[in-house]
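Asker: Can you keep this structure in mind? I'll have questions shortly.
The values are calculated or read from the model by the stated rules, or taken from the named source; none is laboratory data. These figures come from a predicted structure and were not determined experimentally. With ideal geometry, Cβ positions are generated from the backbone for all residues, glycine too; neighbour counts draw on all protein chains shown.
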Amino acid sequence: MYDKNLIFKGFTLIEILVVMAIISIITSIMLIEVKNYKALKNDIEVKQFNSEMISFINNIRAECILKESFAELSFQKGNDEVKVYEGPNIKNRLKLPSSFIIKENNVITWDKLIYIDSRGMITTPCSLKYLDRNGKNHTITIGVGTAYAEIKE
């Protein structure tokens, strides 16, 4: 017959299946949220870099006006930073966020540098193109003879 003092230890198959179902639901929700988080982080870093780049250009222009000097801006494909030269010396740098890639600089000068004169005017029109970590193109356009730089998506 049956022993009343016999105690069963362990879980039933249904209990294990219910726990596994709950864990899989939570995991799928977390994966969706992580993907959304990465996309949001990328969008924020794109906006932040665009603002930093515009501020960087405007600060260089202001320094050229104050010091009555010239500067060259280097935005070269394959580099992970934007450099400012005053003569042969590097004056300042702006690093791109990680995994962002400089795609193109369509400056029409032989050395691909953007020149800023002592009045703070940009003498070479161009578009600076880069890719974010999702592979999306972003363009910063700089007009000639103006103080205008604009972001294009």
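Asker: What are the pairs, 6+ residues apart or on separate chains, where a residue within the range 127-138 that is over 12 Å from ASN106 (Cα atoms) and in contact (Cβ under 8 Å) with a residue 12 or more places away in the chain has its Cβ under 8 Å from a residue that is exposed (fewer than 12 other Cβ atoms within 10 Å of the Cβ) and of a type in the set (Lys, Arg)?
Answerer: That search, which allows pairs on different chains as well, returns HIS138/LYS152.
Asker: Here's another thing I want to ask about it. Scan the range 27-73 for residues that are among the charged types (D, E, K, R) and either surrounded by 12 or more Cβ atoms within 10 Å (Cβ to Cβ) or under 23 Å from PHE100 (Cα atoms) (or both) and jot them down.
Answerer: Residues satisfying the conditions are GLU33, LYS35, LYS38, LYS41, ASP43, GLU45, LYS47, GLU52, ARG61, GLU63, GLU72.
Asker: Search the range 46-100 for residues being of a type in the set (Ser, Thr, Tyr) and assigned to a strand (DSSP E or B), and hand back the single one that is modelled with the highest pLDDT. Spell out how you get there, then give the answer.
Answerer: Applying the first criterion (of a type in the set (Ser, Thr, Tyr)) to the range 46-100 yields 51, 55, 69, 74, 85, 98-99.
Still in the running and assigned to a strand (DSSP E or B): 74, 85.
Details: SER74: 88, TYR85: 91.
Among those that are of a type in the set (Ser, Thr, Tyr) and assigned to a strand (DSSP E or B), it is TYR85.
Asker: Given the conditions (1) out of contact with any strand residue (DSSP E or B) (no Cβ under 9 Å at 6 or more places or on another chain); (2) at pLDDT below 85; (3) surrounded by 15 or more Cβ atoms within 10 Å (Cβ to Cβ), which single one is not true for THR124?
Answerer: Failed condition: (1).
Asker: Then there is this: Can we say TYR130 is farther than 23 Å from LYS41 by Cα and either of a type in the set (Val, Ile, Thr) or at pLDDT 85 or above (or both)?
Answerer: It is false that TYR130 is farther than 23 Å from LYS41 by Cα and either of a type in the set (Val, Ile, Thr) or at pLDDT 85 or above (or both).
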